[in-house]
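See structure below.
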Ligand SMILES: Cc1cc2nc3c(=O)[nH]c(=O)nc-3n(C[C@H](O)[C@H](O)[C@H](O)COP(=O)(O)OP(=O)(O)OC[C@H]3O[C@@H](n4cnc5c(N)ncnc54)[C@H](O)[C@@H]3O)c2cc1C
């Protein structure tokens, strides 16, 4: 069998590539190893609730996603911009102050000093003036170094570490400063949302418009070779498919294996525990962050049905809450659930946390790339071989929904040029 373009992998990158080729009318096939497309954006259901495979949010300010996905199609539920941060007891509010009331609440909050609050406003305004290209072209360094020049140590300990740990899944802030600034820009220039269908709603919206019959699930690629002026893609099932152009849109570890190259594969993991609470634990849809200097297990708590009622499928059931930890602990689910409830109880004094029922967990060892300072210069290039072997995925752009989508669109445009 022969195809003009073969896409390997149906995550955000592979789907964005497929969507762009579909719009251009180019014949292609997308080979996906698992039962369905979406990659790391999948949502399971049991008829009672929706469970994302790991806590994940979508930013409406993502520029590449916005070109392909209409946010309104997602029926979004939004977090309030900011967070509740606990130092051990009832959490304090840090809101980005988009309304006068919130601005005053944040100005009066004892959590951060006035100098830091003003520095946040200056920093946010300075990022507004930068586009993504010039932001990533800046000389890079660690986020910790960058933030230390702008803010007090107190701000870093109380806010930056717990907040950005939730984003980068690491508390060291040794992530690239450019990357952290980009995330802050996205956060402050739009809403942080959950689709009505769960995070897989983003997958469904991106897959809309892809040529029917072009996606093949349960098709795992083992090797790629070149013979007779064509690429030959060999599947685990022993089938071989020939193509003019091949786009490797898998995770970075598989891409390294398929190219026999050594890409930077350092990743951080996370663990997500779901609980049913008899009632909503918070009056407003904020994320609750662990701002203690010596945190225990829990990094952040998300009141999912408060943010997005679509996560509840069965009428008359309680609230769905996700409790998120960094890394993948060895303890059993039951032990983790008990530790978590004990840790959270003082944060939510008006809620009977002891009554929360543990529902299920997801342990994800390879959730996000580490993106150390200067990572953008070390990333593999999209054109891996001039003869038509292209790379797409977060590992050629940045570890996010938007980075993966951007890489897929760029690969599709390059494939079109070649054909
Ligand atoms: C817990 C968690 C939280 C996150 N939080 C956020 C967040 O809040 N916001 C955000 O923007 N991003 C977040 N991310 C990151 C974001 O999900 C990823 O950057 C993005 O989904 C990566 O997409 P991708 O297409 O590059 O790769 P993937 O999603 O890994 O897709 C690769 C696809 O290739 C397939 N594949 C692999 N090997 C083969 C093979 N041999 N043959 C055929 N197919 C193969 C896989 O099955 C998969 O479908 C989070 C990720 C996780 C896991």
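Kindly check whether there is at least one residue in the stretch 390-400 that is under 26 Å from residue 168 (Cα atoms) and more than 12 Å from the ligand (Cβ to nearest atom). Within the stretch 390-400, not a single residue is under 26 Å from residue 168 (Cα atoms) and more than 12 Å from the ligand (Cβ to nearest atom). The single residue among 406, 417 that is under 20 Å from the mean Cα position of the chain (by Cα) and not in a strand (DSSP E or B) turns out to be 406.
Only one of the numbered conditions (1) modelled with pLDDT under 95; (2) within 15 Å of the ligand (Cβ to nearest atom) is not met by residue 25, and that is (2). The single residue among 196, 174, 145 that is away from the ligand (no atom under 11 Å from the Cβ) and part of a helix (DSSP H, G or I) turns out to be 145.
Among the conditions (1) surrounded by fewer than 18 Cβ atoms within 10 Å (Cβ to Cβ); (2) within 15 Å of the ligand (Cβ to nearest atom); (3) assigned to a strand (DSSP E or B), residue 328 misses just one, which is (3). The residue pairs whose first member lies in the stretch 352-376 and is on the phi > 0 side of the Ramachandran plot, whose second member is within 16 Å of the ligand (Cβ to nearest atom) and part of a loop (DSSP other than H, G, I, E, B), and whose beta carbons are closer than 7 Å, counting only pairs six or more residues apart or on different chains, are 371/175; 371/398; 371/399. Just one of the listed residues (83, 61) is outside any loop (DSSP other than H, G, I, E, B), within 16 Å of the ligand (Cβ to nearest atom) and either surrounded by 15 or more Cβ atoms within 10 Å (Cβ to Cβ) or at pLDDT 90 or above (or both), namely 83.
The values are calculated or read from the model by the stated rules, or taken from the named source; none is laboratory data. What you see is a predicted model; the values in this text were computed from it and never measured. Here Cβ is always computed from backbone atoms with ideal geometry, including for glycine, and neighbour counts include all displayed protein chains.
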